[in-house]
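Remarks on the structure that follows.
The values are calculated or read from the model by the stated rules, or taken from the named source; none is laboratory data. Keep in mind it's a predicted model, so treat the numbers as computed, not measured. Every residue, glycine among them, receives a Cβ derived from its backbone with ideal geometry; neighbour counts consider all protein chains shown. What goes into the accessible areas is simple: the full protein's heavy atoms, side chains included, and nothing from ligands, DNA or RNA. Shrake-Rupley method; radii C 1.70, N 1.55, O 1.52, S 1.80 Å.
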Amino acid sequence: AQIRYTIPEELTRGAFVGNIAKDLGTDVAKLAAANLQVLSDSDSQYFSVNVNTGVIMVSERIDREQLCGQNARCFLHLKLAIENPVEFYRIEVEILDINDNPPEFPSDDVSLRIYELASLGARFPIQPAQDPDVGTNTLQTYHLSANENFNLNVKARTDGGKFPELVLERALDRELRAFHRLVLTAEDGGSPPKSSKMHITIQVLDANDNHPVFDRPSYGARLVENSPLGTLVVKLNATDVDEGPNGDIRYSLSSHNSAALRQIFAIDEQTGEIRVQGNLDFEEATVYEIEVEAKDMGSPTMEEHCSVVVEITDVNDNAPEVILTSFSSSLSEDAPPGTVVAVIHVRDRDSGEQGKVQCHVSPDIPFQLRKDYEHQYSLLTSSRLDREHVAYYNVTVSASDLGSPPLSRHTILPIALADVNDNAPQFEQASYEVLVAENNPVGSVLVTISAVDPDSEQNSRLSYSILRAGGTDPGLDPTRYLSIRPTSGQISTKLPFDYEQTTYLQFHVEVSDGGSPALRNRTLVHVFIADQNDNAPRVHFPRVGEDSTTQLRISPSTAPPALITKVVAIDADSGRNAWLSYHLVEATEPGLFSVALRSGEIRITRALQETDASAHELLVVVRDAGEPPLSTAVTLVVLVEERGPEALQGSEAQGTDGGGLPTITLYLIVSLVLISTVSLVGLAVLGVRCL
């Protein structure tokens, strides 16, 4: 949207310009809440906006002549920026001229020397007055004081300038009057008008009575801007019918020309050739009007003036300019598509098609340009951003004009993405399996749980903790045995494990990041306890006393291989550590009794004789298969009595414990099978996980 206001120059600070809220048709409170900002195309802030009233006011002195010079119309351009949503309004303020400057001559007094034989109608240029105002307020007319010989002619240039000339209307006679004193008044068209005066003193001289004459009153030329130095503009030709020095002509640039013009063009005083000696820039001036004078060498000299109009043709010699009106170098990665990142103003000092600018960015980045209006673009996000994929963008904005060949300029906008906590931590493994031997030392490290979080800084700072896994025996609290270092995920033991109490432990490790809110993840940890040979076998049958000794009776008629008794032992360990073997270490009568290696059955190996002792002492050792092996010894005293049984069925021991032997054996077999099955399954699972 564009709004235009018109105000005169030189208004006081705080002067009313317009009510933006009223002209936009919006509520004042809405403008205040939308963070209204005023952006000026110029270096000075001439206007300000009261966000509480919506009124635009003058904030600095405005001098139209300083801003726009002699341009017919003078404008100041503003942009109003409103947030939520982002909107821009263009305001054009036209500055009207007031008659605050009178016309001024370069000098209050000027002297002219005119030959008495000057021809009627001869013209004598006078340095013009300058009035920085424009329109009707600028210089409008000249007035010459009453006299008998001279009349005033005002010469109008194509740029609107007015140059006074004295025109000789009546022949001069130096003998009659040697000096003429005139007053030239310059007056503008203001209300009331302003004026200034110049006093002209004319000295009438004798001698040279013919002035140079140009072959045409004015000359025209057309040059391309940036023409090389020394380029010929035009060759002037003037003649003087006098002879000798009075007819010798010298060319020069008139004092009417500005100093800047004199730096651009030079004239050869002998040939009248005008050549380029400075830089021609279409953007600074599209046309030059050169005032040239031709003087003879008479005494006094006589001169003639002519104008040379040089038109400059534009070429595409200015690359577009890219100006950042608003830019944010940091952008949150969760910014939605369509978020405004920068507001860009482009301009090209060339004219026509060469001054039209097109902007674009690479299609391979998640940004796009939107044309808001002529010469202004907004850089927007075009898709979702992901800092973990790309954390930094160098967005190259390319501006190209429509010249041939086109000129372009590339501006790089560095945009860093700010992290948001949008990624949960991820473990390096879905689950962990740990094999640890029982009786492990306290404080030993079992495993280090590791997770990664692609977020940055606080959002990637991880903390680990142990949680009880669902379905775990409530009595097996993992935090009783284990601890975890929160920052590193290192799991170490607090107590030694006892395989006979716990063979397997399962729990969760939870990791959480430092974001707000925090994101979490879990992994399952399996701890398998490996058995060690830390339990010696225990004899369950026959019952023994504190001295590990027991007695039993047999009949002298017991025939081999009768079963005397059976030693039954149990080892709390598992696997090889629970494989038991029975050994007869000592016997009163070697060779009379034997012990089965695996079953522990004690049998008589030959018939008893009268010479054999009536009491036999057997030392039986029960040993496991661990490394190193552990063992237990039991002493059996076998009494040979007439009343004793011939076999185990009639013994007192069997009568007491005969019903328990098969049950104990069954328990041992079942326990061994269960322990072996659990161990095999655990080893199989561990092997599969490792693979």
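Rg/Rh for the chain stands at 1.53; both radii use Cα atoms, and Rh follows the Kirkwood definition. Applying 1/(1 + (r/R0)^6) with r as the Cβ-Cβ distance of residue 35 and residue 229 and R0 = 56 angstrom yields a FRET efficiency of 0.55. Placing a pseudo-label 7 Å from each Cα along the Cα-to-Cβ vector at residue 83 and residue 44 gives an inter-label distance of 3.0 nm. Taking a ≥ b ≥ c as the square roots of the eigenvalues of the Cα gyration tensor, an a/c ratio of 1.5 or more together with a/b larger than b/c marks the range 14-64 as prolate. Counting every C-alpha pair in the range 120-274, the share spaced more than 20 angstrom apart comes to 63%.
Neighbours of residue 5 by Cβ distance under 9 Å: Lys/Arg scored +1, Asp/Glu scored -1, total -2.
Normalised by the number of residues in the chain, the average gap of Cα pairs under 8 Å and 6 or more apart makes the relative contact order 6 percent.
In units of the compact-protein estimate 2.2 N^0.38 Å, the range 538-640 shows a Cα radius of gyration of 1.10. Could you list log10 I(q)/I(0) for the range 501-563 at q = 0.20, 0.28, 0.29 Å⁻¹, which the Debye formula gives when each Cα is one point scatterer? With one equal scatterer per Cα and no solvent, log10 I(q)/I(0) is -0.97, -1.16, -1.18. Rg/Rh for the range 62-158 (Cα atoms only, Rh after Kirkwood) is 1.26. Listed as lacking a disulfide-compatible partner in the chain: 306, 359, 690, by the criterion of no other cysteine Cβ under 4.7 Å. Treating r as the C-beta distance of residue 289 and residue 53 and R0 as 56 Å, the FRET efficiency rounds to 0.70. The alpha carbon radius of gyration of the range 111-185, expressed as a multiple of 2.2 N^0.38 Å, is 1.24.
Given a 1.4 Å probe and the protein chains as shown, residue 141 ends up with an accessible area of around 50 Å².
Volume of the convex hull of the range 322-418 (Cα atoms only), normalised per residue: 84 Å³. Remark: the range 674-683, residue by residue, has Karplus-estimated 3J(HN,Hα) of 5, 4, 5, 4, 4, 5, 5, 4, x, 5 Hz, where x stands for each Gly or Pro and the curve is 6.51 cos²θ - 1.76 cosθ + 1.60 at θ = phi - 60°.
Taking N as the residue count of the range 3-96, its C-alpha radius of gyration divided by 2.2 N^0.38 Å amounts to 1.08. Taking each of 155/197; 79/356; 235/356; 235/295; 30/371; 22/194 in turn, the alpha-carbon distance tops 28 angstrom for 235/356; 22/194. Projected over all directions and averaged, the alpha-carbon convex hull of the range 251-350 occupies 9.8 nm². Each residue, residue 619 and residue 502, gets one label point 7 Å from its Cα in the Cβ direction; the gap between the two is 4.2 nm.
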